[in-house]
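The values are calculated or read from the model by the stated rules, or taken from the named source; none is laboratory data. What you see is a predicted model; the values in this text were computed from it and never measured. Cβ placement follows ideal geometry from the backbone for every residue including glycine, while neighbour counts extend to all protein chains displayed. The area values use the complete protein model at the heavy-atom level, side chains included, leaving out ligands, DNA and RNA. Shrake-Rupley method; radii C 1.70, N 1.55, O 1.52, S 1.80 Å.
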Amino acid sequence: MWSTRGQFNTRDAESVLPTGQYVYGMPCVSMEYIVLVRVWQPYCDRDTRKWLHGLGGNKECYFNLSIGVYYISWLSSVCFPTIVLVIVLMLDKWLEAKIKKLTAANEKAKWWYYRSRVRRACMVILVIMYAPLTAVILQSFACSNTVPGDFVMDHSQDVFLYDQSQTCDDFIFQTVHFISTIYLALAVIVGPGLLIFQTLHLRKWDLLNKNMALHGYAYESYTRRFCFWEAVPMLRKLIYIAVTDIFPFTPLIQISVHLGLTAVYIILVVVGRPYRKCTWKSTRNIRVIEIHNGFEVLANLSISLLQVGHCSRC
């Protein structure tokens, strides 16, 4: 009944994680789409200049940020998901070794259930941290040699855009760039791609139900047809952040891209209905509703209104 790879067969999987029971999966509301628009301005607007003048600040500022604040943001966004991932990997190995030592089927099913819960919790944290991790990684490459000259006051050296008193040629910034490059390649770009490949591979060989306890954290909230959907919002956030952080496009271009992606995403959710149906049990009957798809559409409609509000001030 048990394979040498630590997985159990379809019957055991269904006894622990029945099909359709755990459908909440990843958050499908506004937390996933907090990153909306950050408009790059080549000058401080009138209200900001008045506020800085009252505080005795620099009226010619571009960004009133200290390098200490940026380092704290970078370290927290990079280290927190890394620490969580390391802890979960160690805990998962311990659970795997414990399951192999058990002989009773009921005990194995119980500990497989615990293992699936740990993996699901890890996936939720990593999905939530994807947006801030992507943002700080892309921001770390914002130097004067990668952005237009209009956004840089000091052209005598290669300076960091978020604190133009700091040069990108320093050792500490080179270290940040090196670490950010690794995370950019593995977590930001390759991560969603591997998620799509893994789910499509399991679907092709009809292993979605069999591996529900082991890999269900990646697709249990979605229908079989859209088992890869978890990576779609991640790629969407990557495009959002790229438009606002890689190159300082005009506010109109930023808003147009964001509104366009939001509209396309809403249409895909309405037409495709990627989320699995949720069952609500009452005293008389069981109602099957698509609450996840409804919440997803509602959340994105709210985001589109915020984006339109930003556009009205462009």
Checklist outcome for this item: Of the candidates 113, 159, 193, the farthest towards the positive dipole end of the stretch 113-223 (Lys/Arg Cβ +1, Asp/Glu Cβ -1, centred on the Cα centre) is 113
Checklist entry - Reported to two decimal places, what Rg/Rh ratio describes the stretch 65-109 when computed on Cα atoms with Rh from the Kirkwood expression? => result 1.41
Checklist outcome for this item: Mean Cβ-within-10 Å packing, highest first, puts peptides 170-181, 263-274 in the order 263-274, 170-181
Checklist entry - Non-local amide H neighbours of residue 222 (under 5 Å, H modeled in plane, Pro and chain starts lacking H): which ones? => result 276
Next on the checklist: Please compute, for the alpha-carbon atoms of the stretch 65-140, the extent along each of the three principal axes and give them in descending order in Å.
Outcome noted: 59, 16, 14
Checklist outcome for this item: By the mean-Cβ-within-10 Å protection proxy, highest first, 72-84, 107-119, 208-220 rank as 208-220, 107-119, 72-84
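What do you get for Rg/Rh over the stretch 184-269 if you use C-alpha atoms and the Kirkwood form of Rh?
Using only Cα positions, Rg/Rh for the stretch 184-269 is 1.08.
With a 1.4 Å probe and all protein chains left in place, how much accessible area per residue does the stretch 137-236 have, in Å²? Intermediate results must be reported in sequence, preceding the final value.
Details: 4710 Å² over 100 residues.
Accessible surface, normalised per residue, equals 47 Å².
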